[in-house]
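Visitor: Here's a structure for you.
The values are calculated or read from the model by the stated rules, or taken from the named source; none is laboratory data. Note that this is a predicted model, so its numbers are computed, not measured. Every residue, glycine among them, receives a Cβ derived from its backbone with ideal geometry; neighbour counts consider all protein chains shown. The accessibility values were calculated without ligands, DNA or RNA, using every heavy atom of the protein model including side chains. Shrake-Rupley method; radii C 1.70, N 1.55, O 1.52, S 1.80 Å.
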Amino acid sequence: MKQYWLMKCEATECTFDELYSRPDGIGRWRGVRNYEARNNIRAMKRGDGVLFYQSACADPGVSGIAEVRGAPYPDPTAIDPSSPYFDEKSMDSPPWFSVDIAPKTAFKRFVSLAQLKITPGLEAMRIVQRGQRLSVQPVTKAEFALVRKLGGRRQVRPE
């Protein structure tokens, strides 16, 4: 059964437009070092829907829709000593996972966190809850559809 997620990406790391313009069209989600977020990544399956959330910027919010491109796999940055995400304890049994996503729909209208907070039907969405900082979090099918409707379609990436 298809699941839905919100995945945060810092604006300095990658914007949705930058992800959309990559030649291979793939975003590799790496460096997650929170066990709850890691468990969410491990639950992902190919074809799951993703709300691409821009964070660590003046106006955080959702800028587009992506989809999970394959099964989660051990995060290669955890065993790379040159990576800022290196985790020495991961050398024997990697506890951290990555997943690849591909952009699908860029929104006509950026859906800001402020808009998410005041939109009826999104009151229970985790991102609007006070103190919710989790970088990978589940959303319901209804929440996903409502955010997609708020954003509208600017362009759709061909299969």
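Visitor: I'd like to know if the range 28-36 contains one or more residues that are under 19 Å from ARG153 (Cβ atoms) and out of contact with any Ser or Thr (no Cβ under 8 Å at 6 or more places or on another chain). Lay out the reasoning, then the answer.
Guide: Applying the first criterion (under 19 Å from ARG153 (Cβ atoms)) to the range 28-36 yields none.
Checked against the condition, which is being under 19 Å from ARG153 (Cβ atoms) and out of contact with any Ser or Thr (no Cβ under 8 Å at 6 or more places or on another chain), the range 28-36 yields no hits at all.
Visitor: If you don't mind, there's one more thing I want to ask. For ASP87, indicate whether it is crowded, with 20+ Cβ neighbours inside 10 Å, touching a residue at least 40 places away in the same chain (Cβ under 8 Å) and either of a type in the set (Asp, Glu) or farther than 16 Å from SER135 by Cα (or both). Explain how you work it out, then say what you get.
Guide: Working: crowded, with 20+ Cβ neighbours inside 10 Å: no; touching a residue at least 40 places away in the same chain (Cβ under 8 Å): yes; either of a type in the set (Asp, Glu) or farther than 16 Å from SER135 by Cα (or both): yes.
The answer is no for ASP87.
Visitor: I'm checking my understanding of the structure. Among residues of the range 1-51 that are touching a helix residue (DSSP H, G or I) at 6+ places or on another chain (Cβ under 8 Å) and aliphatic (A, V, I, L, M), which one is nearest to ALA66 (Cα to Cα)?
Guide: Only one residue fits best here, namely LEU51.
Visitor: Considering only residues of the range 100-128 that are over 20 Å from ALA56 (Cα atoms) and either open to solvent by 40 Å² or more (accessible area, probe 1.4 Å) or acidic (Asp, Glu) (or both), which is nearest to the chain's Cα centre (by Cα)?
Guide: Looking at the filtered set, the residue picked out is ASP100.
Visitor: Which count do you get for residues in the range 58-83 that are in contact with a helix residue (DSSP H, G or I) (Cβ under 7 Å, 6 or more places away or on another chain), open to solvent by 30 Å² or more (accessible area, probe 1.4 Å) and aliphatic (A, V, I, L, M)?
Guide: Selection size over the range 58-83: 1.
Visitor: Looking at GLU36, GLU18, which is the one that is over 24 Å from LYS149 (Cα atoms) and either at pLDDT 90 or above or open to solvent by 70 Å² or more (accessible area, probe 1.4 Å) (or both)? Before the answer, list the steps.
Guide: Details: GLU18 fails: over 24 Å from LYS149 (Cα atoms).
After applying the criteria, what remains is GLU36.
Visitor: Six or more apart or on different chains, Cβ under 8 Å: which pairs go from a residue in the range 23-34 that's outside any strand (DSSP E or B) to one that's among the polar types (S, T, N, Q) and open to solvent by less than 80 Å² (accessible area, probe 1.4 Å)? Could you list them?
Guide: Sorted first by the residue in the range 23-34, then by its partner, the pairs are ARG30/THR77; ARG30/SER98; GLY31/THR77; GLY31/SER83; VAL32/SER98; VAL32/SER135; ASN34/SER135.
Visitor: Consider ILE41 against the criteria (1) within 22 Å of ASP87 (Cβ to Cβ); (2) under 14 Å from the mean Cα position of the chain (by Cα); (3) touching a residue at least 40 places away in the same chain (Cβ under 8 Å); (4) not in a helix (DSSP H, G or I): it satisfies all of them except one. Which criterion is unmet?
Guide: (4)
One line per residue, one yes/no per condition, for (1) surrounded by fewer than 16 Cβ atoms within 10 Å (Cβ to Cβ); (2) out of contact with any Phe, Trp or Tyr (no Cβ under 8 Å at 6 or more places or on another chain); (3) modelled with pLDDT under 90; (4) not charged (D, E, K, R):
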{"residue": "MET7", "(1), (2), (3), (4)": "no, no, no, yes"}
{"residue": "ARG42", "(1), (2), (3), (4)": "yes, no, no, no"}
{"residue": "LYS45", "(1), (2), (3), (4)": "yes, yes, no, no"}
{"residue": "GLN54", "(1), (2), (3), (4)": "no, no, no, yes"}
